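The values are calculated or read from the model by the stated rules, or taken from the named source; none is laboratory data. Remember, predicted model here, so these are calculated numbers, not experimental data. Cβ placement follows ideal geometry from the backbone for every residue including glycine, while neighbour counts extend to all protein chains displayed.
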Amino acid sequence: MNVNLEKSRELIEQTNARNGFCFLNAIRAIAHVDGPAFYVEGWSVLFGKDGIGIGEHGWIELGGEIIEVTPGWPDWEGETIRHFPVVRYSKEFAVGAAIAGVSLPLVRGLGRPPREYWQARRAARRHYISLFCFTVFTLIRSQPTKIKRDIHVFLYKAKARYLPRDWG
């Protein structure tokens, strides 16, 4: 699905959305959307000029398009964002749950997260790691041989210590 930047900017302005509050922004913005829209929670990976980011994220799906209602996610210029949806809630359910005081994100606020939550998290992490490795290896190409060797040793140790066991 593609991000509808025009509709995203319009809703950000209408709802006075704040950076860092993606779930709340999406719940507030979905009330301003006409038609059958869905409040979606999942994971997103952002790749751009300022680096790579991964995190739980909330957005709106409307007519086969993604509406991003959090300023700065993405920064819109030269950045890409990949979404890994976990659950889709109807507009009425999402707004009703928020009014009832269920904590956000709903996927955790309504109880134990489903198996799809962990699958999406794993897929997002793999995508993040592949972008990280692509970035690092692109930088390595332009370095002298000794620095390349040091970086390879660091990455080997980092994989052994910090990366998930199923990372291949």
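Of note:
- For segment 89-140, the tally of residues that are surrounded by fewer than 17 Cβ atoms within 10 Å (Cβ to Cβ), aromatic (Phe, Trp, Tyr) and either in contact with a Cys (Cβ under 7 Å, 6 or more places away or on another chain) or modelled with pLDDT of 90 or more (or both) stands at 2.
- Flag for Thr70 being surrounded by fewer than 18 Cβ atoms within 10 Å (Cβ to Cβ), β-branched (Val, Ile, Thr) and modelled with pLDDT under 90: no
- Only one of the listed residues (Val45, Val40) is outside any helix (DSSP H, G or I), free of Cβ contacts under 8 Å to residues at least 60 places away in the same chain and surrounded by 13 or more Cβ atoms within 10 Å (Cβ to Cβ). That residue is Val40.
- Residues that are in a helix (DSSP H, G or I), in contact (Cβ under 8 Å) with a residue 40 or more places away in the chain and not polar (S, T, N, Q), drawn from segment 10-27: Leu11, Ile12, Cys22, Phe23, Leu24, Ala26, Ile27
- Filtered residue count, segment 28-37, keeping only those that are buried (at least 19 other Cβ atoms within 10 Å of the Cβ) and touching a residue at least 60 places away in the same chain (Cβ under 8 Å): 1
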